[in-house]
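Asks: Sharing a structure below in structure tokens format, with a few things to ask.
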Amino acid sequence: MRTLLALFAFAAFAPVSAQELLKQEHHANGRLKSTLYREGGAVHFITYFESGRVKEMGAFRDGRRDGVWQQFAANGVLLTRAEFDRGARAGTWELRDPFNGNSGRLRFNEGRLVDGAQYDPEGRLLAARSY
């Protein structure tokens, strides 16, 4: 009885984050190709490779890119992590090359590129530039 009461109390006071499924598409092999759903004031999307692995994910708010966007290689490696604030580029973007292991970083402030850097597979700085 106490467990049931505790679960009820938790459910009553837990934040509600309802998702509304808007659309799904499938590859010819039957696996998901894309999912589009609404959560809060944002419309989120996830696209998938035919293997079922996630290819890209992000969100729009008022028709503009918003929040974190990510792109993945077919093997699951994170290629890009970017941030948007109501359509403007924001924060630190991380970029990876799946073939040679190089990575990069771009920093944005109020939609403007501030600086960038490129690193070798061991993390050593190859190039940097401020704007």
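Asks: If the requirement is being among the β-branched types (V, I, T) and either within 30 Å of L125 (Cβ to Cβ) or touching a Pro at 6+ places or on another chain (Cβ under 6 Å) (or both), which of these qualifies: V43, V114?
Replies: Every option except V114 fails the conditions.
Asks: Now, a different point. Please determine, by comparing only the residues of the stretch 98-121 that are of a type in the set (D, E) and touching a Leu at 6+ places or on another chain (Cβ under 8 Å), which one is nearest to K55 (Cα to Cα).
Replies: In this case the residue turns out to be D120.
Asks: Residues that are loosely packed, with under 12 Cβ neighbours inside 10 Å and either in contact with a strand residue (DSSP E or B) (Cβ under 6 Å, 6 or more places away or on another chain) or free of Cβ contacts under 8 Å to residues at least 60 places away in the same chain (or both): list the strands (runs of 3 or more DSSP E) wholly contained in the stretch 16-131 that include at least 3 such residues.
Replies: The strands (runs of 3 or more DSSP E) meeting that bar are 19-26, 125-130.
The numbers here are math on the coordinates, done by the rules we state, and not lab data. On a predicted model such as this, the values are computed, not experimentally measured, just so you know. Cβ sites come from the backbone with ideal geometry, for glycine too, and all protein chains shown count toward neighbours.
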